Amino acid sequence: MNAQALLEIADDELILGWRNSEWTGIAPLLEEDVAFSSIAQNEIGHARAWYELAARELGTTADELAFDRQPDEYRCSTLVQLRLVPDWARTIARHCVYERSDQARIEALKQSEDAEVAGLAAKIDREEAYHRMHAEMWSERLKDEPRFSAALEELEPLFDVRDEHVPEFAALWEEMTMVRRSVAGATW
Amino acid sequence: MVTEQQVWDALAEIPDPEIPVISLVDLGVIRSVDVSRDQVRVEFTPTFLGCPALEVMRDAMAERIAALGVQPDVQVISDDSWSTDRITPAGREKLRASGFAPPAPRELGGPKLVQLQSNAFRCPYCGSQDTALENIFGPTPCRSVRYCRSCRQPFEQFKTI
């Protein structure tokens, strides 16, 4: 599979993982603090696996792809770039929109002729099933809330928008790449 | 020269870093052991991709094999071959005995929210099926949190994947 397509998926999962982790410690419910932190951890794990496949094709490493590119080289969707803390309704709306779109993408990847891509997609799908159940639970709970419906309407078109970076992406990139930029070749 | 059985025995002594009551062999993450003249190749399937225990497991296996006097070659295989159905019966019993409800068998199509919200899960402490889902997620990627209404004890439920 072509490396640019792999990077699209990896960047989505990495940046969404970062955005989800921004709820760690401040989610409106303790249970959701745990849930969003755990989802973030899964998404970043998936990002790493996709970066590893892309890195092999590009002759580089997963860390270099994740942390050493310039902001305008990231191919992630506008949907995942938005900083939504402290807006819970929009956060849940993004979660629902992303998981639905990501499910369609994973289903397609599971049919890939590239056995490694298909195998990885199927493995990831086992974990994503829990993200989808969590989104489903919240969607059911908030379905009659006007703020939630408005947020869904606002965010739904954004999954396929990849040709621009929202202004707040710069601050995320600054923070995410800080260690690598401060200490060349840092490992931990 | 070491035998394949010696390698399996050595790997069976490595505890899971997050749930030390079970070993890597109990967990079913070792897919194959291949002994050649001076090298041992092990194929290892990660559980959850974001689990920080993976590196610890990989390094522990390499160290253990090196201690047998052979060169380790631990290959991480990120395909779809690991499921919680691979946890051995002995591993499931060890989980239950230490307060982790073992995973339910995976059904066709995978787990569903309606199942998690049902009372099909058994409390590892008192055996009651009167348990409720508290959180799909828990302290590590592999666990959910449930509450037993019968003995009033929260417990961790291994997710089915």
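More than 13 Å from chain B (Cβ to nearest Cβ), closer than 20 Å to residue A:160 by Cβ and in contact with a helix residue (DSSP H, G or I) (Cβ under 6 Å, 6 or more places away or on another chain), is that true of residue A:75? Quick ask: steps written out before the conclusion?
On the way: more than 13 Å from chain B (Cβ to nearest Cβ): yes; closer than 20 Å to residue A:160 by Cβ: yes; in contact with a helix residue (DSSP H, G or I) (Cβ under 6 Å, 6 or more places away or on another chain): yes.
In short, yes.
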Being in a loop (DSSP other than H, G, I, E, B), over 23 Å from residue A:121 (Cβ atoms), outside the structural domain of residue B:16 (by TED's automatic domain parsing) and touching a helix residue (DSSP H, G or I) at 6+ places or on another chain (Cβ under 6 Å) is the requirement here; does residue B:124 meet it? yes
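How many residues are within 14 Å of chain B (Cβ to nearest Cβ) and part of a helix (DSSP H, G or I) when one looks only at segment A:93-124? So that I can check it myself, show each step before the final result.
Filtering segment A:93-124 for residues within 14 Å of chain B (Cβ to nearest Cβ) gives A:95-96, A:99, A:103, A:106-107, A:109-112, A:114-124.
Restricting the remaining residues to those that are part of a helix (DSSP H, G or I) gives A:95-96, A:99, A:103, A:106-107, A:109-110, A:115-124.
Count: 18.
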Which numbered condition trips up residue B:50, out of (1) within 14 Å of chain A (Cβ to nearest Cβ); (2) surrounded by fewer than 19 Cβ atoms within 10 Å (Cβ to Cβ)? (2)
Please determine whether any residue of segment B:62-73 is polar (S, T, N, Q) and in the same structural domain as residue B:25 (by TED's automatic domain parsing). yes
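Is it the case that some residue within segment B:130-142 is away from every other protein chain (no Cβ under 12 Å), part of a loop (DSSP other than H, G, I, E, B) and not aromatic (Phe, Trp, Tyr)? Give the steps one after another, and end with the answer.
First, the residues of segment B:130-142 that are away from every other protein chain (no Cβ under 12 Å): B:130-132.
Next cut, part of a loop (DSSP other than H, G, I, E, B) only: B:130.
From what is left, the residues that are not aromatic (Phe, Trp, Tyr) are B:130.
Taking every residue of segment B:130-142 in turn, at least one turns out to be away from every other protein chain (no Cβ under 12 Å), part of a loop (DSSP other than H, G, I, E, B) and not aromatic (Phe, Trp, Tyr).
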When residues of segment A:56-72 are filtered for being more than 13 Å from every other protein chain (Cβ to nearest Cβ), assigned to a helix (DSSP H, G or I) and not charged (D, E, K, R), how many remain? 5
Scanning segment B:53-80 residue by residue, those closer than 24 Å to residue A:117 by Cβ, in a loop (DSSP other than H, G, I, E, B) and in contact with a strand residue (DSSP E or B) (Cβ under 6 Å, 6 or more places away or on another chain) turn out to be B:77
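Just to check your reading of the model, which residue among A:27, A:35 is modelled with pLDDT of 95 or more and either more than 17 Å from the chain's Cα centre (by Cα) or surrounded by fewer than 21 Cβ atoms within 10 Å (Cβ to Cβ) (or both)? Show your work before the answer.
On the way: A:35 fails: either more than 17 Å from the chain's Cα centre (by Cα) or surrounded by fewer than 21 Cβ atoms within 10 Å (Cβ to Cβ) (or both).
Just one listed residue meets the conditions, A:27.
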Hey, residue A:40 assigned to a helix (DSSP H, G or I), within 16 Å of the chain's Cα centre (by Cα) and surrounded by fewer than 24 Cβ atoms within 10 Å (Cβ to Cβ) or not: yes
Note on residue A:2: of the conditions (1) within 14 Å of chain B (Cβ to nearest Cβ); (2) over 27 Å from residue A:167 (Cβ atoms), unmet is (1)
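Being in contact (Cβ under 8 Å) with a residue 40 or more places away in the chain and touching a Phe, Trp or Tyr at 6+ places or on another chain (Cβ under 9 Å) is the filter here; which residues of segment A:53-78 pass it?
Of the residues in segment A:53-78, the ones in contact (Cβ under 8 Å) with a residue 40 or more places away in the chain are A:53-54, A:57-58, A:63, A:65-68, A:71-72, A:74-78.
A:63, A:65, A:66, A:71, A:74, A:76, A:77, A:78, listed by residue number.
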Filter segment B:69-81 down to the residues that are out of contact with any Asp or Glu (no Cβ under 7 Å at 6 or more places or on another chain) and at pLDDT 95 or above, then identify the one that is nearest to residue B:161 (Cα to Cα). B:74
Show the residue pairs meeting these rules: Cβ distance below 6 Å; 6+ apart or different chains; first residue within segment A:28-52 and facing chain B (nearest Cβ under 7 Å); second residue among the acidic types (Asp, Glu) and assigned to a helix (DSSP H, G or I). A:42/A:127; A:46/A:13
Conditions (1) part of a loop (DSSP other than H, G, I, E, B); (2) under 17 Å from the mean Cα position of the chain (by Cα); (3) not hydroxyl-bearing (Ser, Thr, Tyr) -> residue B:110 fails only (2)
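Consider segment B:1-33. How many of its residues are farther than 16 Å from residue B:46 by Cα and touching a Ser or Thr at 6+ places or on another chain (Cβ under 7 Å)? Spell out how you get there, then give the answer.
Step one: of segment B:1-33, the residues farther than 16 Å from residue B:46 by Cα are B:1-10, B:12-13, B:20-21.
If we keep only those that are touching a Ser or Thr at 6+ places or on another chain (Cβ under 7 Å) too, we end up with B:12-13, B:21.
Residues in segment B:1-33 being farther than 16 Å from residue B:46 by Cα and touching a Ser or Thr at 6+ places or on another chain (Cβ under 7 Å): 3 in total.
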Where in segment A:136-188 are the helices (runs of 4 or more DSSP H), entirely inside, with at least 1 residues that are touching a Ser or Thr at 6+ places or on another chain (Cβ under 7 Å)? none
For segment B:10-46, what are the residues that are surrounded by fewer than 14 Cβ atoms within 10 Å (Cβ to Cβ), within 17 Å of the chain's Cα centre (by Cα) and of a type outside the set (Gly, Ala, Ser)? B:13, B:20
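The values are calculated or read from the model by the stated rules, or taken from the named source; none is laboratory data. In this text the structure is predicted, and so the values were computed from the model without any measurement. Every residue, glycine as well, gets a Cβ built from its backbone with ideal geometry; the counts of neighbours run over all protein chains shown.
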